[in-house]
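S.K.: Dropping the structure in here first, questions after.
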Amino acid sequence: IVEKNNFIIYLKNNYAAIKKKYKKTIAYSISKAAKQHFIYAKDDDIKKAVALYKLYNQKNMPHVKDTDYTNFKKLLLQLQKNNNVLVRKVENEKQELMSIALIIKDNKRYYNILNTTTEEGRKTEANYFLYNNILQELCNQNMLFDFEGSDLPGVKKFYEKFGAINQPYFYWHYNLLPKPLQWLKK
């Protein structure tokens, strides 16, 4: 059993109360992004969000096949019919996509499922702008914003800057291979 990170923010408070919990180090990033004249917008193009995520992440996830992405898009489209999917994006003044997030919701939580930031978006802190606006949009609800877990140091630090609380979960893996082969899987 391994403890894994999962970061959440309570949305029941107003935006000022949520922002008050941000780490001081985030102010520079949000300020830098604000100077870019970014546009925060709703989107409904699930396929674009998934395609961009695949483009930027497929080399790190070779085990995820095209059929997995296709099936995932089908699931998302079904969820979208019930208004359980949000796509939010940040564009620059030229309407070039800088950062995009795909969020699934149920009656208790918003789940941060996919997030992709372009190279230009990284340079201009677009992802800080995106999540600051998402939290501002979703505040004042009796819901949680679930960043989803990450044990990657940079991602973990990013979530913590927004004042997210670590609500760990436990991962259990059992190897069903025959004893002589189990050591190969370690």
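The values are calculated or read from the model by the stated rules, or taken from the named source; none is laboratory data. Just so it is clear, the structure is predicted and the values come from calculations on it, not from any experiment. Cβ placement follows ideal geometry from the backbone for every residue including glycine, while neighbour counts extend to all protein chains displayed.
S.K.: Quick one: is LYS105 among the charged types (D, E, K, R) and in contact with a Leu (Cβ under 7 Å, 6 or more places away or on another chain)?
M.R.: Yes.
S.K.: Here's another thing I want to ask about it. Residue by residue through the stretch 67-96, note down the ones that are farther than 11 Å from ILE46 by Cα and buried (at least 20 other Cβ atoms within 10 Å of the Cβ).
M.R.: LYS89, VAL90
S.K.: For the stretch 119-135, indicate whether the set of residues that are surrounded by fewer than 20 Cβ atoms within 10 Å (Cβ to Cβ), out of contact with any Asp or Glu (no Cβ under 6 Å at 6 or more places or on another chain), closer than 30 Å to TYR171 by Cα and among the aromatic types (Phe, Trp, Tyr) is non-empty.
M.R.: The answer is no; no qualifying residue exists.
S.K.: Please verify whether LEU52 is touching a strand residue (DSSP E or B) at 6+ places or on another chain (Cβ under 7 Å) and either closer than 22 Å to PHE145 by Cβ or not charged (D, E, K, R) (or both), treating the condition exactly as stated.
M.R.: Spelling it out, LEU52 is indeed touching a strand residue (DSSP E or B) at 6+ places or on another chain (Cβ under 7 Å) and either closer than 22 Å to PHE145 by Cβ or not charged (D, E, K, R) (or both).
S.K.: If you check VAL87, VAL64, which single one turns out to be under 16 Å from the mean Cα position of the chain (by Cα) and under 30 Å from LYS123 (Cα atoms)?
M.R.: VAL87
S.K.: Now, a different point. Please name all residue pairs, on different chains or six or more residues apart, with Cβ atoms under 8 Å, provided the first residue is in the stretch 105-129 and is touching a residue at least 24 places away in the same chain (Cβ under 8 Å) and within 19 Å of TYR28 (Cα to Cα) and the second residue is of a type in the set (Phe, Trp, Tyr) and part of a loop (DSSP other than H, G, I, E, B).
M.R.: Qualifying pairs under 8 Å: THR124/PHE38; ALA126/PHE38; PHE129/PHE38.
S.K.: Could you please let me know if ASN57 is loosely packed, with under 11 Cβ neighbours inside 10 Å and not basic (Lys, Arg)?
M.R.: no
S.K.: Can you tell me which residues in the stretch 21-30 are part of a helix (DSSP H, G or I) and touching a residue at least 60 places away in the same chain (Cβ under 8 Å)?
M.R.: Correct list: ILE26, SER29, ILE30.
S.K.: Could you list, ordered by first residue, the pairs with Cβ atoms under 6 Å in which the first is in the stretch 151-172 and in contact (Cβ under 8 Å) with a residue 60 or more places away in the chain and over 15 Å from LYS23 (Cα atoms) and the second is buried (at least 17 other Cβ atoms within 10 Å of the Cβ) and of a type outside the set (S, T, N, Q), at least 6 apart or interchain?
M.R.: GLN167/ILE8
S.K.: On the basis of being surrounded by 13 or more Cβ atoms within 10 Å (Cβ to Cβ), among the small types (Gly, Ala, Ser) and either at pLDDT below 95 or in a loop (DSSP other than H, G, I, E, B) (or both), does ALA33 make the cut?
M.R.: The answer is yes for ALA33.
S.K.: Can you report the number of residues in the stretch 98-155 which are at pLDDT below 95, among the charged types (D, E, K, R) and under 10 Å from the mean Cα position of the chain (by Cα)?
M.R.: Matching residues across the stretch 98-155 total 1.
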